[in-house]
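Some notes on the structure that comes next.
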Amino acid sequence: MADPTPIPVSEDVSAAQPGPGLGRVLGIVAVFATLVVIVMAIVLRGKQPRAAHYVGLSMLLFTVGALGVLLRRNALVLFMCVELMLNAVNIAFVAFARLNGVIGGQVIVLFVMIVAAAEVAVGLAIIVLIFRRRHSANVDDLSVMRW
Amino acid sequence: MTLFVLFGAVALGAAVGMLFQRNAVHAALLLVVNLLSVAVLFLTLGAEFLFVAQIIVYAGAIVILFLFVIMLLGVDREEVLTEPRRFQTRQWVLGGIAGVILLAALAGTLGGARMLQALPGTPAGFGSAESIGTSLFSTYLLPFEVTGLLLLVATIGILMLAKREPR
Amino acid sequence: MLVWLIPAAPLAGAVVLLCAGRRVGKAAGAVASAAVLVAFLAAAVSWLSALRLPPGSRSIVVHLYQWAVFGPLHVGVDFRWDPLAAVMAMTVTGVGFLIHVYSTGYMSDDPRYPRFFAYLNLFVFSMLLLVLADNFVILFAGWELVGVCSYLLIGFWFERPSAATAAKKAFITTRIGDTGMLIGIFVLFGATGSLSIPVINRTIAEGGLTHGTATLAALLLFAGAVGKSAQIPLYVWLPDAMEGPTPVSALIHAATMVTAGVYLVVRLNVLYTFASHAGTVVAGIGAATALYAAILAMAEDDIKRVLAYSTISQLGFMFIAAGVGAYGAAIFHLVTHAFFKALLFLAAGSVMHGLGGETALDRMGGLRKAMPRTFAVTLVGWAAITGVPLFSGFFSKDAIVASAWSEGRVVIFVVAVVAASLTAFYMTRMLVLTFFGVPRWSEGVHPHESPSVMILPMAVLALFAVVAGGFDLPEYLHLRGSGRLSRFLAPVIGTTHEKGAIGIVLLLTAAAAGGVLVAWWIYGVDLSRRQAVRRRLGPVNTLVRHKFFVDEIYATAIVAPVRLGASFFAGVVDRRVIDGAVNGAATLVARASGSWRRVQSGFVRNYAVGLLGGAAVLVAYFVLRAGRG
């Protein structure tokens, strides 16, 4: 783990490295998506998707979100990964609602959305406050409450 | 079926892309793609109201909020936009292990007979705004009211939190 | 009836003086003496009212309250008022009162004056508890309490290390005996199912106890008596107990506490008569102690220690009587001995007081003219203990020796006669060295007579030492009123027919006279003959002077190993093992928590890993369970 660093000084903007461009990213995503399409086609083999497939997709998305929470250090992106996880769960709920014919599954999804909205708002307010004081959005810097 | 395959792949791809994207704004945009794909998946499952709600609330409000905050904090600042790529190995290892275990565990649920059957048909109006609204105001009235209260509390809380100290 | 008042009065006195002693101040002596006087009067009144009843129904039980109930066992605070208890109670309170009065003069300069009288009252209470007890619980409570009071009073001047050591020695040595006694009580309880003395007596009379069990119990109980009454081998504490103030020696170590052992045997006469072998052991030890202590007294140079060994010897005589079944004679000698031994101790105290605290016989002499009244009372006491005809000791000692002869215990009879002769010798020696001859006083000592508050009690005791013989005149003299005490005690101890003869009386008197004459010859004129005798006896003299090295033997054989064991347990076991375990547990917890606290790293992502891992494990568990079920 990173050692607690002092508040980072803002560096010269011209030296900023914005990382790979958006176009490149979209390209990589497209390639990856194509691969996934191929895999899914094989899995489905012309049949309609079953509940298992939806839930499986939900699981994969959830795991990706969880990994994102573990691996990303920017607080905002971390939050976005949490939203990703919530969405994955929503897919599962809707799938089960369809499977069992119960509208309650979809109602729960609605509630999840509402709560997620409230949670994001409050969380972002806190992040803003933290950023005001520490001038850093790196979660590794927030390690004051330790032994 | 094609809808599922297509949009499922896009959703998965956008998620993975978000995982590796260093730029926060790009990550937000990929999240939007993901949310929209999920909305379409809702539609394929017969949840029309949720399809619309997802687009309006999630993609249209929450991610916008994210982008607002990113811009508020200064989109030109490196600390906000990017992340250093140091000391990640342990996290990768631990995360990888945890992720594998999680996936394996969850996969155990997929074998059931009912899960592999064809999805049953739905009565007309299943997932429509009318049906959801009816259950919201009958069976789920209490949670509905409580979420109203929740939103109120959240609003007040945010106001208190974000108030600037008077100098 | 007033029986409850008898122990209550001194108890009240003790409580008052312990709590408010400092405020009472100089009046403490009067308060304490008054308390004991009240007890004596209550005892006397109870005795008189018991006399009005026919002899068979003079036993009453006073049940104060139920103390504890353990299933079928009911333990109550029960007092028994019967002839034996009456005799003991009146002796204790009567002599005790006189000694209290004496102490007001003797201890008048002591800074802890009120506390002394608090302890004295507490002692009288404890002794009364002991003699009035109707069950073993109360008896043992009183037994232990007198031991505690003895400890407190021997070590009253605790600034003196010798006094503190003597107090410890007394308590520990008697404790050894007490352990045996406690086991004896357990044996009796196990065999009869009761702790009540009359119930136990009834069980024995109905044949509910085997000979073996009875003998075992009797011997174990006698162990307690050996400790408390300073018989062989637990006598070593009594000479050292002379470190305490002289009134303490008079009351506790002459007249009352040390007689508790004799009382115990007499109270349990049913048991000891049934277990006759135990009785033989009692008489044997009594005889051996009587002779042994008399030998040691012959070479003592400290006035109080002579009297201490004399007490041990006379107690041996009492046990001879109790052992052969002559319980009446034992109690008779107990009472007369209380009078004349207390008198002798108080007189020794008067001598010490007049000489400024001197106790060595070598530095006394010629006090006859300087302290005439002390001399007079001492002479009476000397006559009593030596067995001068018509004094009290003459009759009581004769009763004992005669009973030994009539029970056919020839060896014990001979030993007793020899011991009586030696008694006469060492008492005459003490008398002569103290009051006769050329003064050998230290520098600057001006002996003066003691104040009346000290002389008067002694005079009263002297009077009783003379007339007490009349309590139990021997039957063969065919006088009117003979055997009064024996007849009075008969409901408790049974009737005994003493077959004494004039011949025994004459033999005893001759032996005593012989002892007196020899002592006068050696010590009377001047001390040159004493030196000659000492040289003649050479190594024997050294051996006796060193008390046969018994204390040293005990120290190396018993005390040292116990000390070693104790230091091992304290140093190794307690410090390393027990403390190590306790501290080790604490250290273990501290170290464990020290390493566990590092989990709180403060990094959110570490916590997230933990959450995710835990969630994964839980999901896996439920999936597997669902899969199997």
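Just so you know, all these numbers are worked out from the coordinates, no wet-lab data involved. As the structure is a computational prediction, the values presented were derived from the model and not from experiment. Note: ideal-geometry Cβ built from the backbone for every residue, glycine included; neighbour counts use all protein chains shown.
Summary table below
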{"read-out": "For segment C:586-593, Karplus couplings with θ = phi - 60° (6.51, -1.76, 1.60), whole Hz, Gly/Pro x", "value": "5, 4, 4, 4, 4, 5, 4, 5"}
{"read-out": "From phi via Karplus (6.51, -1.76, 1.60), per-residue ³J(HN,Hα) for segment C:196-211 in Hz, x at Gly/Pro", "value": "8, 5, x, 5, 5, 4, 5, 4, 5, 5, 7, x, x, 10, 6, 4"}
{"read-out": "For segment A:50-139, size of Cβ-based charge dipole, Lys and Arg +1, Asp and Glu -1, in debye", "value": "280"}
{"read-out": "Distance between modelled label sites at residue C:615 and residue C:210, nm, 7 Å Cα→Cβ extension", "value": "8.0"}
{"read-out": "Rg(Cα) / (2.2 N^0.38 Å) computed for chain B, rounded to two decimals", "value": "1.34"}
{"read-out": "Gap separating the Cα centres of segment C:19-40 and segment C:226-257, nearest whole Å", "value": "25"}
{"read-out": "Solution diffusion estimate, µm²/s, Stokes-Einstein, segment A:50-139, Kirkwood Rh from C-alpha pairs, 37 °C, viscosity 0.692 mPa s", "value": "230"}
{"read-out": "Cα gyration tensor shape of segment C:1-98, rounded if a/c is under 1.5, else prolate or oblate by comparing a/b with b/c", "value": "oblate"}
{"read-out": "Segment C:26-36 - phi-based ³J(HN,Hα) in whole Hz, Karplus 6.51/-1.76/1.60, Gly and Pro as x", "value": "5, 7, 4, x, 5, 4, 4, 4, 4, 4, 5"}
{"read-out": "Charge dipole (chain C, unit charges on Cβ, about Cα centre) - positive-most of C:254, C:615, C:350", "value": "C:615"}
{"read-out": "Normalised contact order of segment A:50-139, rounded percent, pairs of Cα under 8 Å and 6 or more residues apart", "value": "31"}
{"read-out": "Using alpha carbons only: equivalent-ellipsoid semi-axes of the protein assembly as shown, gyration tensor based, whole Å", "value": "110, 33, 26"}
{"read-out": "Selection from B:9, B:133, B:105, by position along the positive dipole direction of chain B (Cβ)", "value": "B:105"}
{"read-out": "Assigned charges on the beta-carbon of Lys, Arg, Asp, Glu; segment C:356-482 dipole about Cα centre (debye)", "value": "240"}
{"read-out": "Inter-part distance where segment B:41-76 and segment C:330-394 are each reduced to a Cα centre, Å", "value": "119"}
{"read-out": "Dipole of segment C:31-128, positive end: most advanced residue of C:108, C:75, C:96 [Cβ charges, Cα centre]", "value": "C:75"}
{"read-out": "Mean separation of Cα contacts under 8 Å (6+ apart) over length of chain C, as relative contact order %", "value": "12"}
{"read-out": "Segment C:106-229: C-alpha gyration tensor shape, a/c 1.5 cut-off, then a/b vs b/c", "value": "prolate"}
{"read-out": "Segment C:1-103: trypsin sites (Lys or Arg not before Pro) falling in loop per DSSP and having at most 12 other Cβ within 10 Å", "value": "C:52"}
{"read-out": "Rounded to the nearest 20 debye, dipole of chain C from Cβ charges on Lys, Arg, Asp, Glu", "value": "1380"}
{"read-out": "Pair residue C:589, residue B:2: separation of 7 Å Cα→Cβ label points (nm)", "value": "7.1"}
{"read-out": "Cross-link pairs beyond the 19 Å C-alpha cut-off, checked among C:169/C:341; C:304/C:397; C:168/C:228; C:26/C:341", "value": "C:169/C:341; C:304/C:397; C:26/C:341"}
{"read-out": "Helix-only mean residue ellipticity at 222 nm for chain C, each DSSP H run of n ≥ 4 adding -39500 (n - 2.57), per residue, nearest 500", "value": "-23500 deg cm²/dmol"}
{"read-out": "Cα centroid separation - segment C:143-203 against segment C:535-596, whole Å", "value": "24"}
{"read-out": "Estimated inter-spin distance, residue A:45 and residue C:172, nm [label 7 Å along Cα→Cβ]", "value": "9.7"}
{"read-out": "Computed over chain B: relative contact order in percent, which uses C-alpha pairs under 8 Å that are six or more apart", "value": "20"}
